[in-house]
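Data block below; observations after.
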Amino acid sequence: MSRAGAHRSGVPVARRPRADETAPGELVVEARDLALRFGGVTSLDGVSLRQRRGEILAVIGPNGAGKTSLFNCLTGAYRPQQGSVTFWPEQDRPTELVGRRPHAITRLGVARTFQNIRLFPALSALENVQIGTEVRQRYGPVGAILGLPHARRAERDGVRQALSLLDLVGLSHRTHELAASLPYGEQRRLEIARALGTGPSLLLLDEPAAGTNPAEKRDLAGLITRIAGTGVSVLLIEHDMRLVMSVATSVVVLNFGRVIAHGTPGEVQRDPAVIEAYLGVADDTGGDAGGADVQAGPGAATRKDVR
Amino acid sequence: MSVPPPGPPAASDQPAASGPGGGAATVPLRVTESPARSAGPSDPTGSSDPTGSSDPTGSSGPDGGPARPAWHPAVLFTRARLRQLGVLLLVGVLAAIVTGPTGNSDKPLQAAKDSIIDVRIVLYLGLAVALWVVLVLGAELRGALERVSAPVRAPIGAAYGRRGAPIVLNLVLLAIAIVAPMVVSTAAQQSMVNDIGIYALLALGLNVVVGYAGLLDLGYIAFFAIGAYATAYFSSQTAMPWHAPFTLNPFFVFPIALVLAALAGVILGAPTLRLRGDYLAIVTLGFGEIIHLVANNADNVTNGARGAFGVPHLSIDLLGIDYKWGIDPLPYYYLLIVIIVGVMIAFGRLERSRIGRSWAAIREDEIAAEATGVATLRMKLLAFAIGASVSGFAGVLFASKQFFNPQSFSLQASFFVVAVVIFGGMGSRLGVVVGAVVLQGLAFYLRDKVPPADRYIYFGAVIVIMMIFRPQGLVPSRRRRREIQLAEEGIGAADSLGVAPTGGQQ
Ligand SMILES: Nc1ncnc2c1ncn2[C@@H]1O[C@H](COP(=O)(O)OP(=O)(O)OP(=O)(O)O)[C@@H](O)[C@H]1O
Ligand SMILES: [Mg+2]
């Protein structure tokens, strides 16, 4: 891992092959037949999914479909009862992720954000990102206490990377402010910066646009595209179909813990099963027509909040 | 970690405590949060700050109460203020009784009656009222200042310096510490070494565990005992029945004790740090008691309750420096000052390094810390080992300074160190040292004034008052203060998500 550490700076680096240069079909992650149950509740029921390197893959589905559960299985937060997840780190051999601890998975190159933002609220924006950029650093307590050269250098590198990531997500003006004091939309972007700090090759975003305004959504679409442009594969959960349509290369639709459709955004949008699923949920929740969700509109993004 | 155990979690498995960011754990949260969060997108103005209700920079007053328009005498008589006065008066009465004449069993209430009709009570009640006025005026003054500077005052999240207390203040305090022993009695000097100095060192170590990593360790004194007994074992043939085949200068025992204590910390921590905060506290408590009981009862190993007698004093004969510490407390005092200052500087650097940030991350949101790649278990173990090694180190000093017996390692001692850390200000190096000075100073002051058994009443009272008026401690650390502030506003802190943090919940 230390080999990759040098350029896994967290700062997107130009040396990475661009998405379109990578051989098609080269996988970054593959989940096979995942099943996750909580007592009587089945949140994943044989989910399989493949993502090619450099691709932006969107996971959509009604509330409670199991999207977040899928993320939790990929990142080690939950351990599925069945199934496996293979991850191809950039220059390493494929690795099984199920059974590893979350921090180990992050160090392999899978970073995530949370649906309910989980920043370190009393730390500054910079410190939040630093914690990400420092995970691969090796210096220990002695180096820190004695201020040994390699520790100082690592510390400086961490700060530099964090600053450039803050710049990337447009938060340079917030560097020293507490995470908790940032507006909601900026907190979301700070979380993305923190995740990027760990130098991922696969980035999992759980509803990054939830609770943000239309202008912020547009910025976010740009940001996601830029991140993918640096060679980071993005797995995206999003309710806002306009956002999904504008950034995703392909889409997986979950419903009741199963994959009900898979294809390009256009194909998925026309899929009868998908329309059906959304309509069904709309009836359940008594909300407006499910079609509205598929057709986007900012309101759709936060339907789950209303629940 | 509060990640669910492998295998199918049972339905009764308290899912709320295990959901990182998704699923059932968030369901109750959504209910409470949705008004604030959904305000964003549905807000026609497109406000970019949907956190609205919990905006820390909002217009609420400095205490989180509603902003008062202007000063008015009536503020002296708000309910909170009157309650404050009531508490202080009660404390005054209590103080009058405990400092009054001692009773006897024939007339148990006589003493209380005597002290209540004594003039003493007037004094104490007067003091209580005076203290109240000072508190109220102080708060008002601060409020007024903040109102004046409100428009220019930076929000809570604004830039802040990275350093703790200003250097000048630290130097002044250091100067006072250097001069102080010269103007006090020998008995006080003794206490400054054995009680204040040693406890300041202990508190600095425990502060790493409690203040930085957020773990509650109630058996901390056990590592102190390990250091002390290691010294007796290695540096004297006579102190204990059990001794090394060779004799070492206590100076060389420092590194040994450091390693032994750290090792003990790791051995204790490795299996237990997976436990949630409260269980960890219980396990460490048990560990502390085990060490204490072994020391007390293993007569032909540790000399049991009689204690270890005759551990040589420190001496140094190196590079032309030849010095022997003796019964005079002053040389020990200055040695302690050097060590304490060194430890403070070292831990300051540690806190500002990636290691300190990892601890902060674990404290604030352990699940997010894991997801960001922080090896939470290992970092906690590191905090545990570092804290333990400081304790072991202090044990060597303690043992070479004077005779000791297992009483020094009782549960009470452990609690006292915890009290010092909480009282002084968790996470604040200067705070815990000041805490040791104040609490041990109080103990020394009370030594001839009240029966030993009563002493804890005073400690109790002081700590309770402290927790009411200043829960963040005497000299709080910035980070901790911000965390408390945010937690009061309902922001952040892992526990607001209904996820029990693995760390302590002090
Ligand atoms: N820790 C848990 N304990 C019990 N049930 C859970 C847990 N986590 C998830 N579930 C259940 O699993 C199902 C899927 O939840 P999940 O959070 O993955 O849905 P989602 O697709 O992310 O929904 P949303 O769009 O609302 O975020 C739900 O029925 C949920 O109640
Ligand atoms: Mg979800």
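The values are calculated or read from the model by the stated rules, or taken from the named source; none is laboratory data. Small disclaimer: the values here were computed from a predicted structure and weren't measured. Positions of Cβ are backbone-derived with ideal geometry, glycine not excepted, and every protein chain shown enters the neighbour counts. Remember, those area values only see protein heavy atoms, side chains included, never the ligands or the DNA or RNA. Shrake-Rupley method; radii C 1.70, N 1.55, O 1.52, S 1.80 Å.
Do we have B:Glu351 as under 17 Å from the mean Cα position of the chain (by Cα) and among the acidic types (Asp, Glu) here? Yes; evaluated as a whole, the condition is true for this residue. Would a scan of region A:245-264 turn up a residue that is among the charged types (D, E, K, R) and at pLDDT 50 or above? Among the residues of region A:245-264, at least one is among the charged types (D, E, K, R) and at pLDDT 50 or above, which makes the answer yes.
For the condition open to solvent by 10 Å² or more (accessible area, probe 1.4 Å), hydroxyl-bearing (Ser, Thr, Tyr) and outside any loop (DSSP other than H, G, I, E, B), B:Ser400 does not qualify.
A quick yes/no check of all residues on (1) over 28 Å from A:Ser164 (Cα atoms); (2) under 13 Å from the mean Cα position of the chain (by Cα):
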{"site": "A:Ile56", "(1), (2)": "no, yes"}
{"site": "A:Gly64", "(1), (2)": "yes, no"}
{"site": "A:Tyr78", "(1), (2)": "yes, no"}
{"site": "A:Asp92", "(1), (2)": "no, no"}
{"site": "A:Ala104", "(1), (2)": "no, no"}
{"site": "A:Thr113", "(1), (2)": "no, yes"}
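Taken over region A:202-227, residues that are in a loop (DSSP other than H, G, I, E, B) and at pLDDT 90 or above amount to 3.
With respect to the conditions (1) part of a helix (DSSP H, G or I); (2) open to solvent by less than 30 Å² (accessible area, probe 1.4 Å); (3) farther than 22 Å from B:Ile290 by Cβ; (4) not aliphatic (A, V, I, L, M), B:Pro476 falls short on a single one, namely (1).
In the set (1) farther than 30 Å from B:Asp365 by Cβ; (2) outside any helix (DSSP H, G or I); (3) in contact (Cβ under 8 Å) with a residue 12 or more places away in the chain, B:Pro245 fails one condition alone, (3).
Quick grid of which residues meet (1) open to solvent by less than 10 Å² (accessible area, probe 1.4 Å); (2) modelled with pLDDT under 95; (3) outside any loop (DSSP other than H, G, I, E, B):
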| site | (1), (2), (3) |
| --- | --- |
| A:Ala4 | yes, yes, yes |
| A:Ser9 | no, yes, no |
| A:Ala14 | no, yes, no |
| A:Pro17 | no, yes, no |
| A:Leu34 | yes, yes, yes |
| A:Thr42 | no, yes, yes |
| A:Arg50 | no, yes, yes |
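Of all residues in region A:84-105, those satisfying the criterion of being within 13 Å of chain B (Cβ to nearest Cβ) and open to solvent by 10 Å² or more (accessible area, probe 1.4 Å) are A:Val98, A:Gly99, A:Arg100, A:Arg101, A:Pro102, A:His103, A:Ala104. Could you list, in sequence order, all residues of region B:419-433 that are crowded, with 22+ Cβ neighbours inside 10 Å and of a type outside the set (S, T, N, Q)? Correct list: B:Val420, B:Val421, B:Ile422, B:Phe423, B:Gly424, B:Gly425, B:Met426, B:Gly427, B:Arg429, B:Gly431, B:Val432, B:Val433.
Kindly check whether there is at least one residue in region A:74-90 that is within 16 Å of ligand 1 (Cβ to nearest atom), more than 16 Å from A:Ala195 (Cβ to Cβ) and small (Gly, Ala, Ser). Steps first, please.
Filtering region A:74-90 down to residues within 16 Å of ligand 1 (Cβ to nearest atom) leaves A:74-83, A:85.
In the following step, the residues that additionally are more than 16 Å from A:Ala195 (Cβ to Cβ) were identified as A:78-83, A:85.
Filter once more, keeping what is small (Gly, Ala, Ser): A:83.
Taking every residue of region A:74-90 in turn, at least one turns out to be within 16 Å of ligand 1 (Cβ to nearest atom), more than 16 Å from A:Ala195 (Cβ to Cβ) and small (Gly, Ala, Ser).
Taken together, the criteria exclude B:Ala399 from residues that are in contact (Cβ under 8 Å) with a residue 40 or more places away in the chain, farther than 26 Å from B:Leu330 by Cα and in the same structural domain as B:Thr284 (by TED's automatic domain parsing).
Being open to solvent by 10 Å² or more (accessible area, probe 1.4 Å), out of contact with any Pro (no Cβ under 7 Å at 6 or more places or on another chain) and more than 16 Å from ligand 1 (Cβ to nearest atom), is that true of even one residue in region A:249-256? Even if it seems obvious, please write down each step before you answer.
Of the residues in region A:249-256, the ones open to solvent by 10 Å² or more (accessible area, probe 1.4 Å) are A:249-250, A:255-256.
Those still in the list that are out of contact with any Pro (no Cβ under 7 Å at 6 or more places or on another chain) too: A:249-250, A:256.
If we keep only those that are more than 16 Å from ligand 1 (Cβ to nearest atom) too, we end up with A:249-250.
Scanning region A:249-256, I find at least one residue that is open to solvent by 10 Å² or more (accessible area, probe 1.4 Å), out of contact with any Pro (no Cβ under 7 Å at 6 or more places or on another chain) and more than 16 Å from ligand 1 (Cβ to nearest atom), so the answer is yes.
Here A:Thr68 meets each of (1) more than 10 Å from ligand 1 (Cβ to nearest atom); (2) within 24 Å of A:Arg194 (Cα to Cα); (3) open to solvent by 10 Å² or more (accessible area, probe 1.4 Å) with one exception, condition (1).
Among the residues making up region A:55-105, those that are among the small types (Gly, Ala, Ser), farther than 30 Å from A:Glu267 by Cβ and away from ligand 2 (no atom under 16 Å from the Cβ) are A:Gly76, A:Gly99, A:Ala104. Being aliphatic (A, V, I, L, M), surrounded by fewer than 20 Cβ atoms within 10 Å (Cβ to Cβ) and either more than 16 Å from ligand 2 (Cβ to nearest atom) or not assigned by TED's automatic domain parsing to the domain that holds A:Gly263 (or both) is not true of A:Leu108. Counting only residues that are under 14 Å from B:Leu397 (Cβ atoms), surrounded by 20 or more Cβ atoms within 10 Å (Cβ to Cβ) and within 14 Å of chain A (Cβ to nearest Cβ), region B:322-376 holds 1 of them. Taken over region A:165-179, the criterion of being assigned to a helix (DSSP H, G or I) and open to solvent by less than 10 Å² (accessible area, probe 1.4 Å) is satisfied by A:Leu165, A:Leu166, A:Ala179. Scanning region A:180-197 for residues that are at the interface with chain B (Cβ under 8 Å from one of its Cβ atoms) and aliphatic (A, V, I, L, M) gives A:Ala180, A:Leu182, A:Ala195. How about region B:426-453: which of its residues are of a type in the set (Val, Ile, Thr), farther than 18 Å from B:Phe347 by Cβ and assigned to a helix (DSSP H, G or I)? Residue satisfying the conditions is B:Val438 alone. Within the option set A:Leu220, A:Leu243, being crowded, with 23+ Cβ neighbours inside 10 Å and closer than 29 Å to A:Gly83 by Cβ holds for one residue only, A:Leu243. Screening B:Ala232 against (1) out of contact with any strand residue (DSSP E or B) (no Cβ under 6 Å at 6 or more places or on another chain); (2) surrounded by 24 or more Cβ atoms within 10 Å (Cβ to Cβ) leaves a single unmet condition, (1).
In region B:452-463, how many residues are open to solvent by 70 Å² or more (accessible area, probe 1.4 Å) and farther than 19 Å from B:Ala436 by Cβ?
The number of residues fulfilling the criteria is 3.
Which residues, counting only those in region A:120-147, are more than 7 Å from chain B (Cβ to nearest Cβ) and in a loop (DSSP other than H, G, I, E, B)? Steps first, answer last, please.
Keep residues of region A:120-147 that are more than 7 Å from chain B (Cβ to nearest Cβ), which gives A:124-126, A:128-129, A:133, A:136, A:138-140, A:142-143, A:146.
Within region A:120-147, A:Arg136, A:Arg138, A:Tyr139, A:Gly140 qualify.
Scanning region A:148-165 for residues that are of a type in the set (Lys, Arg) and within 11 Å of another protein chain (Cβ to nearest Cβ) yields a single hit, A:Arg152.
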